[in-house]
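What follows is a single structure, written as structure tokens, with notes after it.
Coordinate-derived values only; no laboratory data. Note that the structure is predicted; figures quoted are calculated from it, not measured. Here the Cβ is made from the backbone with ideal geometry for all residues, glycine too, and neighbour counts use every protein chain on show.
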Amino acid sequence: MATEFADKPANGFALAQIMSESPEVADAYEALFGALRLAPQLASGNVILVTSAEPGEGKTTVASCLATTASLAGQTVLLIDGDLRRSSLTATVRSGDAAGLIEILLGEAEAAEAIHPIAGLTDSPQAGVVGFMASGRKSPRFLGAVDWSKARTALRSISQAFDMVFLDSPPILAANDALLFACIVDAVVLVVGTGNANLDRIRRAKEHLDAVGTPIIGAVLNRFEPKVHGPSNQPYRSYYRGLRT
């Protein structure tokens, strides 16, 4: 699969640092990505919304690490900053003032204008290309002018140039944007931050997503600490890591 990119590359160094901090992190994301690829809901689609119930649960980190993991597996990937209100992912990869998701949804930009290759993500020659789409220049209030049927068609057309697409959205209970985006993707991954999770709010977030109808294909328990939260579901993973060369 191939697509055209805007000329200016985005900086992937910060994303690569997340994955290189520990082998345990890399292993966890490999397991997560493998499970997502097997989800039957993605048999006819490849666009995944990564969201959370509340701010601060780590959804942006999860979306970034999934994109990196998919690339290391040889997949071509598009990572989209859909958090129009904070755009922390756009700031992280330093894509600058560029046309992005909001312009694509409004039909005011082409994919080649809005997608930038991420440079410095990995040195692996087997890694797939990672493209990045910023949140865009316009305010979230312009979402009210989006024709969502056309927006879904536009996103599906763009996604056909990639193996996987990850869209980082605002938290569900913080803004309505996530539910709008859920209408144009194929599946949802819900991130839950260990330690600050509120069960009632998680249930509310799931109810909102269920009402939209887009399937939740996974939930990620983020910032898990075995010493605090109990034993891991992979207590012997270090056994195989010691055999790697």
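Normalised by the number of residues in the range 18-132, the average gap of Cα pairs under 8 Å and 6 or more apart makes the relative contact order 27 percent.
Ranked by the mean number of other Cβ atoms within 10 Å per residue, highest first, peptides 107-119, 80-92 order as 80-92, 107-119.
Specify the inter-centroid distance of the range 103-157 and the range 198-216, based on alpha-carbon positions, in whole Å. That distance is 25 Å. Look at the dipole of the range 158-219 built from charges on Cβ: of Ala161, Ala197, His208, the Cα furthest out on the positive end belongs to Ala197. Peptide packing for 177-183, 33-39 was compared via the average number of neighbouring C-beta atoms within 10 Å per residue; ordered from the highest value, the list is 177-183, 33-39.
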